[in-house]
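Colleague: Take this structure first; my questions come after.
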Amino acid sequence: MSTTVHYFGKIRSHEAIREIQEEFRDIAQVSGWTHEMVDHVFTQEGEIPGARLSLRGIRVTLNKTTSPLQLTFDKDGYLSHLYYEKAASEPSQRGAAGTARQLLHQIHTSTSIRNSDSQSHITLVKMLDYVKKRYVPNLEVIDNTGYWYSRDVSVLAPKRLELAKK
């Protein structure tokens, strides 16, 4: 089973993106976590000139049970994630060469934690607390366990299902 923590907001300034990259790169290196610096411009087939989407920031992976903490920002400074998805295989969705087109999507950021890893969940929330304090003052977090709001570790404990006795 996995838990997903969604987070969104706008960074205090574009200059702070470089600061967050450098600071979280150092945190990742000291903690033994993998990280990826992000500075991409995405294009989509048939797009309007000048309408390219960009993404800058850093992705930090705490361990194998979590997807990356994505501290990546769009051109307006909002926490974002961009990804390509293959379009439907209908003839109208094919590119000039007859190949399937890829559609570009922009969504808010999230991190998934698998196998009820409570320590990773706690670490993720501490990192998001720091991001809110230092870089994204309007950070909003949706944590389906309720831990972000309560800070009650018991909500992270795996729930056991019991069979009803006859």
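Read-outs: derived from the displayed coordinates by stated rules, not from any lab. Model, not experiment: these values are computed from the prediction. Glycine gets a Cβ as well: all are built from the backbone with ideal geometry, and neighbour counts include every protein chain shown.
Colleague: Using the number of other C-beta atoms within 10 angstrom as an exposure proxy, rank 113, 20 with the fewest first.
Modeller: Ascending Cβ contact count within 10 Å gives the list 20, 113.
Colleague: Could you rank the peptides 146-158, 116-128, 67-79 by their average count of other C-beta atoms within 10 Å per residue, with the highest value first?
Modeller: Going by the mean number of other Cβ atoms within 10 Å, highest first, we get 67-79, 116-128, 146-158.
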